[in-house]
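Just so you know, all these numbers are worked out from the coordinates, no wet-lab data involved. Keep in mind that this is a model prediction, so the values were computed, not measured. We place every Cβ from the backbone using ideal geometry, glycine too, and count neighbours over all the protein chains shown.
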């Protein structure tokens, strides 16, 4: 594992035995002397074409397991640092490989409790285990090894490596493959030795639980101007869908395009695409968000400058990753942020900033991730924290800024639609106020206009539901429902509305003592949908 420069002492966050932060940090040496629980990362590079894992030989100067073959890259998570940034940084420092966050798949958390060096080194370590999936092995000459950490690297088939560990080969750092670390090998085996026919059958059964329904609506009640506006509204609705895909997970849009592009390659690829379109993610809604796809099914991305250049090699190709377990925070928060970090950061903010942090219409990001991305794409790394003296890494971005390119297009479409409609004024007001809200991030006026809408055209568009934010339930996803008032169905339902008080009294007899009255102003209006997007 990577160690800090001699002139700088590395501190680690001390954890409880169950893995919670205590609020205390200690020097790295003291942590291993005292047996304190702490955090680290393991990063495995796996080559699909050869089914091999990259191993590094630990430098002989290391204080633990010197000269033995080990994980592709690993390192402690320093006090105050995040898991994903640590994984990216360690891979760069130890092997000279620079990768974006969508290359890293968190596959499990490993707890190692061991004592070595005659009791002088106690390792009680929670490690986030990441998998980076490349198409082919990276040429060994492309690596830039950190000589104080790594003496050499090699590729070894994952099955052979598992066998060496099971035999307790003395040349390899020991991991018990019959316990938790066996998950690494089980995950790889399940992905690449799965029966294609059985998988196709499973997807067919999942698809059969759904029925196709055509959305049709009667347009005779609309003016020509309304029909022109409707075309623009449908275009705006589709933009809401684009935003929704991104809100679910950051590699979700590229996964969608990949599945669409390859849908005609085989029957299995067609089934993947069809079921993905229903769920709008790799996780199945009807199966408690169990993944029906894996990173092995995902898009291939090329990074020519991920390593030092090698003549005749076009560069590193990797799979855009997503986790097997649906992230509770979706893409509203950093993937490695937990509730405690958010709570501590929020508590450090001023009152108005706290409201922005829990707003329906903002996302939370890391300064360190922005700095790393700048290094990745511009070869510029700013190690400073831009949070105005704060020791916290998190910061707030309003939706109007985060989704600016999408919302600018949607705003223009809504303004054009609003200019087209002549009456009623409530529809015109809704369209213009919603268009303004997309760019100002203030949705109050547009929500009032939405509640007061009385029009042949029904428009619900913008951020509303918060179901995707399973971490806190704060953040709203973009959606759109565009429809036309169904006068016949509304008239049929009027009988129910007119007699709602009678229905209530006869149905809820046990509540009669409350003498609850149903509002006589309550009205039901039915609409036929043209399009439903996002959610």
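Of note:
- Distance between modelled label sites at residue 525 and residue 207, nm, 7 Å Cα→Cβ extension: 3.9
- Our estimate of slack between residue 409 and residue 278, defined as 0.36 nm per intervening residue step minus the Cα-Cα distance, is 44.6 nm.
- For the stretch 267-329, the fraction of C-alpha pairs farther apart than 14 angstrom is 65 percent.
- Reducing the stretch 3-68 and the stretch 92-166 to their Cα centroids gives an inter-centroid distance of 11 Å.
- When 337, 240, 535 are sorted by how many other C-beta atoms sit within 10 angstrom of their C-beta, beginning with the fewest, the order is 535, 337, 240.
- Put in line by how crowded their Cβ is, counting other Cβ atoms within 10 Å and starting with the fewest, 16, 460 read 16, 460.
- Distance in nm between pseudo-label sites at residue 502 and residue 340 (7 Å out along the Cβ direction from Cα): 6.2
- Counting beta carbons within 10 Å around each of 431, 15 and listing the fewest first gives the order 15, 431.
- Using 0.36 nm per residue and subtracting the Cα-Cα separation, the extra length available between residue 180 and residue 220 on full extension is 8.0 nm.
- Angle in degrees between helix 252-261 and the longest Cα principal axis of the chain, rounded to the nearest 10: 80
- Using a Förster distance of 45 Å, the FRET efficiency for residue 121-residue 264 (Cβ separation, nearest 0.05): 0.20
- From its DSSP helices (H runs of at least four residues, each -39,500 (n - 2.57)), the chain gives a residue-normalised ellipticity at 222 nm of -11000 deg cm²/dmol.
- In the stretch 11-192, Cα pairs under 8 Å separated by at least six residues give a relative contact order of 26 percent.
- Take 296-303, 100-107 and order them by the average number of nearby Cβ atoms within 10 Å per residue, most first; the result is 100-107, 296-303.
- Three-way shape call for the stretch 97-165 based on the alpha-carbon gyration tensor, with the a/c threshold at 1.5: prolate
- Distance between the stretch 428-498 and the stretch 220-250 - C-alpha centres, whole angstrom: 13
- At 0.890 mPa s and 25 °C, Stokes D of the stretch 11-192 from Kirkwood alpha-carbon radius, µm² per second: 146
- Modelled this way, with points 7 Å down the Cα-to-C-beta line, the labels at residue 63 and residue 34 are 1.4 nm from one another.
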